[in-house]
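The values are calculated or read from the model by the stated rules, or taken from the named source; none is laboratory data. Every value quoted in this text rests on a predicted model; they were computed, and no experiment measured them. FYI the Cβ positions are ideal-geometry reconstructions off the backbone, even for glycines, and counts take in every protein chain you see.
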Amino acid sequence: MAEVVLSRVRRDFGAVTAVHDLNLAIAEGEFVSLLGPSGCGKTTTLRMLAGLEFPTGGEIRIGGRVVNDVPPAKRDIAMVFQSYALYPHLSVADNIAYPLKKRGVPRAERRPKVERTAELLQLTPLLDRKPRQLSGGQQQRVALGRALVRDPKVFLLDEPLSNLDAKLRIHMRAELVELHQRLGRTMVYVTHDQLEAMTMSDRIAIIDQGRLQQFAPPQEVYHAPANRFVAGFIGTPGMNLIEGTLSQEGGAWCFTAPGLRIAVGQLTDDAQAGPATLGLRPEDVTVGAGPVSGIVRVVEQSGHENIIIVEIAGNERLTLRIPASILPRTGDTVALAPDATHAHVFAAGEAGQRLNTATARPRPQTL
Ligand SMILES: Nc1ncnc2c1ncn2[C@@H]1O[C@H](COP(=O)(O)OP(=O)(O)OP(=O)(O)O)[C@@H](O)[C@H]1O
Ligand SMILES: [Mg+2]
């Protein structure tokens, strides 16, 4: 069993609380990403799982066993560090083999494992080189290889793809997903790249300033973000967040802002008339007809679609994703129709929690 459970885990560094009472239950075999901006506590959390940092409060369990006082080598985990260090005097092959050697695996058994790992990471032609003869991306793959060569219960990966160029990153992303499926091992993956987390994870733990914001599958964090922070963090271009007023008319909730008025469907009991934030994803507004009028300020063509920035009344700017076949010009006045069924509503105030009652609303499939 290799489920990983954090119960009220906390880490203080003097006056700084890097991790606040974190609760996470990661299932055996699950791929979970810890996602959040720089300094939110991702590495600290991972280092506590590895046993390299001790929690100042709470409990960590791996496979049902409390490991707070278990040293790293006894936890049956492999970690790839954000700032990895390879042994400069060892070849690539020996670097990859090192964790096996340390555990007393005989040489004859090490070689095929190293070769398999090297093949997976496209390092075969480089096995005899020293780290200084490698590019940053190649070094990073060697660091990854050192973790993959063993078969631990849990893999901990701290931004393992950050040094790779865009193309190799996408390739490695798919490789890691496939590897996870093949090995069936629990993987905890740290990244600040929301696309990486979205594309790879079974569930994403979104963290801001050491506090867990939402722990849910990618579809859910995208379609039902728990609060304004998650809404703004997930998705590129980001969700449009518009400040305005919530009111109830004939029992139905309605959101208004200058130049914009939209029925927002059912809201939770926490909803109150007054200030609120409306969230509209760039793809949830159609251009060409509709009740909202705007002026096109920016047009970006990316081939398969166009991204436009439209200014509506009150100087509010909306970023919209439209089909490549619709190409307005800068300065054009356009009519817009926000899709009310995909409108998100967030409470006023710092937490900005989600007020829609509906949970994940995946888009209808078009085959
Ligand atoms: N050893 C330490 N001593 C003091 N403060 C620390 C220490 N390690 C981390 N911190 C602080 O704890 C917070 C969380 O740091 P952490 O490295 O976990 O962030 P992160 O989410 O991994 O960020 P990044 O994406 O930049 O790697 C930061 O404010 C950091 O400055
Ligand atoms: Mg970090």
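So the values come out like this:
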| quantity | calculated |
| --- | --- |
| Condition broken by MET79, with the remaining ones in (1) within 17 Å of VAL190 (Cα to Cα); (2) out of contact with any Lys or Arg (no Cβ under 6 Å at 6 or more places or on another chain); (3) within 16 Å of ligand 2 (Cβ to nearest atom); (4) modelled with pLDDT of 95 or more satisfied | (4) |
| Test set (1) away from ligand 2 (no atom under 16 Å from the Cβ); (2) buried (at least 17 other Cβ atoms within 10 Å of the Cβ); (3) farther than 29 Å from ALA166 by Cβ - GLU53 fails condition number | (1) |
| So HIS192, is it within 16 Å of ligand 1 (Cβ to nearest atom) and more than 25 Å from ASP94 (Cα to Cα) | yes |
| Among residues of segment 91-138, those that are surrounded by 15 or more Cβ atoms within 10 Å (Cβ to Cβ) and assigned to a loop (DSSP other than H, G, I, E, B), counted | 8 |
| Yes/no for ILE60 being away from ligand 1 (no atom under 11 Å from the Cβ), surrounded by 21 or more Cβ atoms within 10 Å (Cβ to Cβ), at pLDDT 95 or above and not small (Gly, Ala, Ser) | yes |
| Matching residues in segment 191-212 - criterion: being crowded, with 23+ Cβ neighbours inside 10 Å, closer than 21 Å to ARG8 by Cα and in contact with a Pro (Cβ under 9 Å, 6 or more places away or on another chain) | ILE204, ILE206, ILE207 |
| Residue satisfying all of: in segment 264-282; touching a Leu at 6+ places or on another chain (Cβ under 8 Å) and not in a strand (DSSP E or B); nearest to HIS342 (Cα to Cα) among these | VAL264 |
| Segment 171-190, subset in contact (Cβ under 8 Å) with a residue 60 or more places away in the chain and away from ligand 2 (no atom under 16 Å from the Cβ), residue surrounded by the fewest Cβ atoms within 10 Å (Cβ to Cβ) | GLY184 |
| Test: residue in segment 156-168 that is under 18 Å from ARG47 (Cβ atoms), within 16 Å of ligand 1 (Cβ to nearest atom) and among the polar types (S, T, N, Q) | yes |
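One line per residue, one yes/no per condition, for (1) farther than 19 Å from GLU283 by Cα; (2) part of a helix (DSSP H, G or I); (3) touching a residue at least 12 places away in the same chain (Cβ under 8 Å):
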site	(1), (2), (3)
MET198	no, yes, yes
ILE207	yes, no, yes
LEU212	yes, no, yes
PHE215	yes, no, yes
LEU241	no, no, yes
GLY244	yes, no, yes
GLN248	yes, no, yes
THR256	yes, no, yes
ILE262	no, no, yes
